[in-house]
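K.L.:
Take a look at the following structure, please.
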C-alpha cells in the first residue's frame, strides 16, 4: 500500500497539467499528493504504532520558510498569486513530512521507482524528439527549443526536443538530472549494474535532447564529481577538484569568448540581462530585498517573466530571508552528506551518494535556472530530498547495528524492547 502511495506522490508532479475552472485553477498533482500524503500520515495511526519524533533539519528549514511565506506573500499587490504561492509551498512540505515520516517503502525501493519512472518518461521524450510530436502539456513559453547546431545565418537552429508530460523541457531536465545520478549510483552496485547502466544511458539521451543547456553543463560537473569520488574514495577531494576544474573551464571560456560563435553564448548573455534587471530592482527598491514580492515588477521590466536564477528568484519573491533559506538548504544537504560519508554510509551505498550528488547539482543548476519556481519542481526536489533523508537514517541504523524492524523512519525510532535510542544527528 505504501509503495502505491509513494508512487502516486512521485508521479503527481511529473504530469504538469492544470485544471482551469474560471478564476480557480489547480495543478493535477495537488489532490493526488494531498490525498496520498494524508494517507501515509494516517496509516501508522490506524495501526496504533508508537511514534517518537526527532528533529529533521531540512523540515525545520522548510517550516521556517513556510512561516515567512505566510507572513509576506499574501500582501503582494496581486494577492491571488501570493496565496497561490503559499499553497505551492504548503502541499510539497506536507508531502515531505509524510515521506520522511513513513518507514515504508525503504529508500532503495524509492530510488528504484524514481529511476523506473524516469526511464519511462525518457522513452517518451526520445519518441518526441524523433517525431517532433506528442507534447500534450507544453505551455506557450516552451513553443520551441534551440539545439547546439548553427544555421547558415549563424543562429542556433530550432530543435525537436524531449519534454515528456512536463510543461517545459528545462523542468524535465531537472527531474532527469536527479534520476540520472541515482541510476549511476545503482550502476555502481553489482546487483543492478546492467539494468541501471542501461537506465542511465536512456536517461542521459533524453536529458541531452531536452537541450536544457544549463542543466547539461551542471550535470557534466556533477557526474565528474561522482566518478572522482568513487575513484579517489574521497568525497571532499572530489568536490574540491570539481570546483577548481569548473572555475578553470569558466575562465577558459571567458578568455576565448571572442572566438566562440555568438549564438553559442546567446542564452548566457540573455541570462545576464535578466540578472541585471533583477539587481536593478533590488537597487531601486530596497523593500523588495527586505520583504520580497518583487516578481511582478520583474515581469513587467524584463524580457522574460522569471530571472533564470534560483537565488535571484528567491530574493525577488521572498527577500534576503528567502535567499538565506535556500542557501541554508544547500549547506544542510552538503553537511548531511559529508557527515554520512564520515560515518561510512555513502561509501557502501553508491546509489545514496549519487542521489546526494544529484541534490547538490540541483543547487548548481540553480545558478542559471529558477528551479524552485512552481509547485511541481518544488515537489520533485523534496521527493528526492526525502529519499536521501530516509536513506541516511536507514543506513545509519544499519551501521550502528539497529535492526531494520526497529526503525520507523528518520522522524520515528522505536526499539522492540521499548527503549528509545538517541539517534545520531545528521
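K.L.:
Of the residues that make up the range 261-282, is at least one within 23 Å of residue 325 (Cβ to Cβ) and more than 26 Å from the chain's Cα centre (by Cα)?
P.N.:
Yes: the range 261-282 contains one or more residues that are within 23 Å of residue 325 (Cβ to Cβ) and more than 26 Å from the chain's Cα centre (by Cα).
K.L.:
Name every residue in the range 202-221 that is surrounded by fewer than 24 Cβ atoms within 10 Å (Cβ to Cβ) and under 11 Å from residue 181 (Cα atoms), in order of residue number.
P.N.:
204, 220
K.L.:
Now a separate question. Could you list, in sequence order, all residues of the range 274-314 that are assigned to a loop (DSSP other than H, G, I, E, B) and surrounded by fewer than 18 Cβ atoms within 10 Å (Cβ to Cβ)?
P.N.:
285, 303, 304, 305
K.L.:
Could you give me the residue pairs with C-beta distances under 6 Å whose first residue belongs to the range 5-28 and is on the phi < 0 side of the Ramachandran plot and touching a residue at least 24 places away in the same chain (Cβ under 8 Å), whose second residue is exposed (fewer than 15 other Cβ atoms within 10 Å of the Cβ) and part of a helix (DSSP H, G or I) wherever it lies, and which are 6+ apart or on separate chains?
P.N.:
The qualifying pairs do not exist here.
K.L.:
I'd like the full set of residues that are at pLDDT below 90 and farther than 25 Å from residue 112 by Cβ, limited to the range 203-230.
P.N.:
Residues satisfying the conditions are 213, 214, 217.
K.L.:
Here is a further query. Determine if the range 205-226 includes at least one residue that is over 27 Å from residue 309 (Cα atoms) and part of a helix (DSSP H, G or I).
P.N.:
So far as the range 205-226 goes, no, none of its residues is over 27 Å from residue 309 (Cα atoms) and part of a helix (DSSP H, G or I).
K.L.:
Checking the condition at pLDDT below 90 and within 24 Å of residue 389 (Cα to Cα), which residue from 29, 1 passes?
P.N.:
1
K.L.:
Kindly indicate which of 183, 195 is part of a helix (DSSP H, G or I), out of contact with any strand residue (DSSP E or B) (no Cβ under 8 Å at 6 or more places or on another chain) and under 18 Å from residue 361 (Cβ atoms).
P.N.:
Residue meeting the stated conditions: 183.
K.L.:
Of (1) closer than 30 Å to residue 163 by Cα; (2) modelled with pLDDT under 80, residue 78 satisfies all except one. Which?
P.N.:
With (1) closer than 30 Å to residue 163 by Cα; (2) modelled with pLDDT under 80 applied to residue 78, the lone miss is (1).
K.L.:
Right, residue 364: crowded, with 17+ Cβ neighbours inside 10 Å, touching a residue at least 60 places away in the same chain (Cβ under 8 Å) and under 28 Å from residue 83 (Cα atoms) or not?
P.N.:
no
K.L.:
Here's a follow-up. Conditions: (1) modelled with pLDDT of 90 or more; (2) surrounded by fewer than 24 Cβ atoms within 10 Å (Cβ to Cβ); (3) in a helix (DSSP H, G or I). Residue 394 meets all but one. Number of the miss?
P.N.:
(1)
K.L.:
How many residues, within the range 181-214, are farther than 23 Å from residue 131 by Cβ and within 15 Å of the chain's Cα centre (by Cα)?
P.N.:
Going through the range 181-214 one residue at a time, the tally reaches 3.
K.L.:
With respect to residue 302, determine if the residue is in contact with a strand residue (DSSP E or B) (Cβ under 7 Å, 6 or more places away or on another chain), closer than 28 Å to residue 154 by Cβ and modelled with pLDDT under 90.
P.N.:
no
K.L.:
Please verify whether residue 376 is crowded, with 21+ Cβ neighbours inside 10 Å, at pLDDT 90 or above and under 19 Å from residue 59 (Cα atoms), treating the condition exactly as stated.
P.N.:
Answer is yes for this residue.
K.L.:
Next question. Could you say whether any residue in the range 317-325 is free of Cβ contacts under 8 Å to residues at least 24 places away in the same chain, closer than 30 Å to residue 393 by Cα, part of a helix (DSSP H, G or I) and within 15 Å of the chain's Cα centre (by Cα)?
P.N.:
Scanning the range 317-325, I find no residue that is free of Cβ contacts under 8 Å to residues at least 24 places away in the same chain, closer than 30 Å to residue 393 by Cα, part of a helix (DSSP H, G or I) and within 15 Å of the chain's Cα centre (by Cα), so the answer is no.
The values are calculated or read from the model by the stated rules, or taken from the named source; none is laboratory data. Remember, it's a predicted structure, so these values are computed and weren't measured experimentally. All Cβ positions, even for glycine, are placed from backbone atoms using ideal geometry, and neighbour counts span all protein chains on display.
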